1. Quick one: order A:73, A:23, A:43 by neighbouring beta-carbon count within 10 Å, fewest to most.
2. Within a 10 angstrom radius of the beta carbon, how do A:142, A:52 rank from fewest other beta carbons to most?
3. Pairing the Cα long axis of helix A:52-67 with the longest principal axis of chain A, what angle in degrees results, from 0 to 90 and rounded to the nearest 10?
4. Enter the mean number of other protein chain beta carbons within 10 Å of the beta carbon of each residue in A:50-63, as an integer.
5. Write down Rg/Rh for the range A:109-211, rounded to two decimals, with Rg from the C-alpha atoms and Rh from the Kirkwood relation over Cα pairs.
6. Once the range A:59-107 is represented by equal point scatterers at the alpha-carbon sites, with solvent omitted, what log10 I(q)/I(0) does the Debye formula produce at q = 0.19, 0.27 Å⁻¹?
7. Arrange A:14, A:93 by Cβ neighbour counts within 10 Å, fewest through most, would you?
8. If you line up the long axis of helix A:129-154 against the longest principal axis of chain A, both from Cα atoms, how many degrees apart are they, to the nearest 10?
């Protein structure tokens with residue numbers, strides 16, 4: 001059994017070069033709907049779980065290939081359509097919103113900084129329950145404060161910022177004009193890092209956190 | 001800076017170091033959400049920072065669910 005896997009959407013430009021190979025060595029195809037292009041492959045389905053990690057990297061490489069040249073709307077791995085007609089219907093129904101998002105984001109990339117607490121288990125085990133909770137609260141306060149400082153530092157070069165609290169800490173997503181990635185990294189690095197707190201900067205990524213709700217969870221034509 | 005992330009090098013015109021966990025996180029949790037990926041998103045973005053095994057387990061679980069769902073579908077249709 002095979003299915004259609006979709007990598008990303010992008011605006012049609014003559015100069016955009018497409019990857020030669022998709023997930024599992026599959027052929028990469030383009031479905032055009034007015035100015036919107038959807039990149040897709042026909043793949044054996046379902047995937048074998050053992051090969052998922054490799055497929056995730058291959059999927060990423062396909063999206064990155066286009067993203068290095070232009071703005072893309074990435075689909076998630078395992079975004080599966082029953083066949084080309086279902087994908088065509090999806091494109092017809094959602095083409096206008098996808099195109100509008102791609103126009104809005106065409107000069108931007110997403111940068112990310114994750115602020116998280118360094119676990120010090122050995123020291124924590126020696127503390128009493130109250131001391132442990134107090135220390136934990138203090139580190140959490142430091143983490144929140146640091147995330148706020150990072151956010152303030154990148155504000156001037158960011159078109160938009162999203163902050164999401166996760167179990168491990170705080171994720172800060174910034175919509176940054178393409179070419180300003182280094183300024184983002186420098187902005188984050190300029191904020192002194194307290195002990196017990198760590199952070200990581202990554203990007204550029206496609207601006208997935210800044211998609212409109214209609215694009216992020218579109219009408220999924222042809223899907224059960 | 002200490003990091004739990006395993007760096008890998010991707011081949012391409014502009015080589016860059018990106019952690020495998022970050023790739024898996026973005027590929028599974030960022031972007032357009034349609035059929036299939038919904039199951040994955042239950043695991044949550046933050047789980048990827050707990051460990052790769054957690055995410056892969058979730059993927060496997062999701063795939064098992066999808067297979068089970070697919071197996072149920074013909075049964076449903078034939079019972080109608």
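1. Working: A:73 28, A:23 23, A:43 18.
Taking fewest neighbouring Cβ atoms as first place, the list is A:43, A:23, A:73.
2. Details: A:142 16, A:52 22.
Final ranking by Cβ density, sparse to dense: A:142, A:52.
3. For helix A:52-67, the angle is close to 80 degrees.
4. Mean shielding by partner chains, rounded to a whole number: 4.
5. Taking Rg over the Kirkwood Rh, I get 1.06.
6. -0.77, -1.11
7. A:14, A:93
8. For A:129-154 against chain A, the angle is about 50 degrees.
Laboratory data are not the source of any read-out in this text; all were calculated from the coordinates shown. Since the structure is predicted, the reported quantities are computational estimates derived from the model, not experimental observations. Neighbour counts run over all protein chains shown; Cβ positions are idealised from the backbone, glycine included.
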